[in-house]
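*Asks:* Below is the structure I would like to discuss, written out as structure tokens.
Each value in this text was obtained by applying a stated rule to the coordinates, not by laboratory testing. Since the model is a prediction, treat every value here as computed from it, not as a measurement. Here the Cβ positions follow ideal geometry from the backbone for every residue, glycine too, while neighbour counts run over all protein chains shown.
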């Protein structure tokens, strides 16, 4: 798949800079179009959640405060977007043209960000979202999960610090799972464009039903010359091991199938996808 259209949720200026920078680096590889979207919260959506005993004036005050805060955040986020476009001399256009080159556009909606992104994301080849941070409500982990599970599209999770390169050296977390197979399939053009591809292969007992060497052979049909990087790891430590090995190999992007175990089990007990979502310092491609 060629990522010619990319959707990037921009929730707030500081929380979204890395996602926008990551989108630019990806778009430069295929002269893609980036749609930056900011979703303003709809104050009317707060009404069902207001506590009992609140009178009309209190509810109205809460709605006005939410509206004011949303207006200010939307303005600041738009200013950040405009400044980014000027800094990188980007062409702002929402008109599809085969030879337009790299273009960007701005869109503003209202409602719940997770619902808007999951729905609108179905129109795009790729959704790029910021990695959630434990100490901050933005970027929203709910939006990330919704984009991954409800859009039907692959997502690229941008790290907190803007990367300098994306896709020069791609690491594949090979798990022989359907999710891993799908993520590799949607990433195949990025893999073909990469200067180097490394397949991270854990030495497990029992071994995987499909070995990393078999994946390497199949990737050759796409012109991808990959190398296998074997490593030792317990199953319970695979998430941390994939990140460690990707970093040690010098990769600037990780391709991984999302939630090959039960999503609920990973949320309760932890898991490799959950660990990567909490700790990745490089962009991570995920698909279901």
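*Asks:* If you count the DSSP beta bridges with both ends in segment 121-240, what percent of them are antiparallel, to the nearest 5?
*Replies:* 0
*Asks:* Against the longest principal axis of the chain, how steep is helix 141-150, in degrees 0 to 90 to the nearest 10, with axes from Cα atoms?
*Replies:* Tilt relative to the chain: about 60 degrees.
*Asks:* Going from the alpha-carbon gyration tensor of the chain, what semi-axes, largest first and in whole Å, does one get by taking the root of 5 times each eigenvalue?
*Replies:* 35, 24, 15
*Asks:* Pull up the DSSP beta bridges for the chain and report the antiparallel fraction as a percent, rounded to 5.
*Replies:* Here the antiparallel bridges make up roughly 5 percent for the chain.
*Asks:* While we're on this one: Please give the calculated 222 nm ellipticity per residue for the chain, where each DSSP H segment of at least 4 residues contributes -39500 (n - 2.57) and the sum is spread over every residue; nearest 500 deg cm²/dmol?
*Replies:* Dividing the helical sum by the residues of the chain leaves -12500 deg cm²/dmol.
*Asks:* Apply the a/c threshold of 1.5 to the C-alpha gyration tensor of segment 60-128 and tell me whether it is rounded, prolate or oblate.
*Replies:* oblate
*Asks:* Placing one identical point scatterer on every Cα of segment 5-158 and ignoring solvent, what is log10 I(q)/I(0) from the Debye formula at q = 0.12, 0.17 Å⁻¹?
*Replies:* Normalising to I(0) and taking log10 leaves -0.53, -0.97.
*Asks:* Using only the alpha carbon atoms of segment 1-40, find the Kirkwood hydrodynamic radius as the inverse mean reciprocal pair distance, in angstroms to one decimal.
*Replies:* Numbers: mean 1/r = 0.0961 Å⁻¹.
Mean inverse Cα-Cα distance, inverted, gives 10.4 Å.
*Asks:* For segment 169-287, what ratio Rg/Rh do Cα atoms give with a Kirkwood hydrodynamic radius?
*Replies:* Values: Rg = 13.2 Å, Rh = 14.1 Å.
That ratio equals 0.93.
*Asks:* Mind sorting 67, 145 by how few other Cβ atoms lie within 10 Å of their own Cβ, fewest first?
*Replies:* With the fewest neighbours first, 67, 145 line up as 67, 145.
*Asks:* Here's something else I'd like to know. Neighbouring Cβ atoms within 10 Å as the yardstick, rank 106, 221 fewest first.
*Replies:* If I rank by nearby Cβ atoms, fewest first, I get 221, 106.
*Asks:* So, R0 is 51 Å and r is the distance between the beta-carbons of residue 107 and residue 236; what FRET efficiency does that work out to, to 0.05? Each step should come with its number before you reach the end.
*Replies:* Details: r = 42 Å, r/R0 = 0.82.
It comes to 0.75.
*Asks:* On a 0 to 90° scale, report how tilted helix 238-249 is relative to the longest principal axis of the chain, with both axes built from alpha carbons and the result rounded to the nearest 10.
*Replies:* 70
*Asks:* Provide Rg over Rh for segment 145-237; use the alpha carbon set for both Rg and the Kirkwood Rh (inverse mean inverse pair distance).
*Replies:* Rg divided by Rh gives 0.97.
*Asks:* To continue, here is another question. Using alpha carbons only, how many degrees (0 to 90, rounded to 10) separate the axis of helix 13-30 from the longest principal axis of the chain?
*Replies:* Value to nearest ten degrees: 50.
*Asks:* Moving on to the next point. Below 8 Å between Cα atoms, with a sequence gap of 6+, how large is the relative contact order for segment 169-287 in percent?
*Replies:* 35
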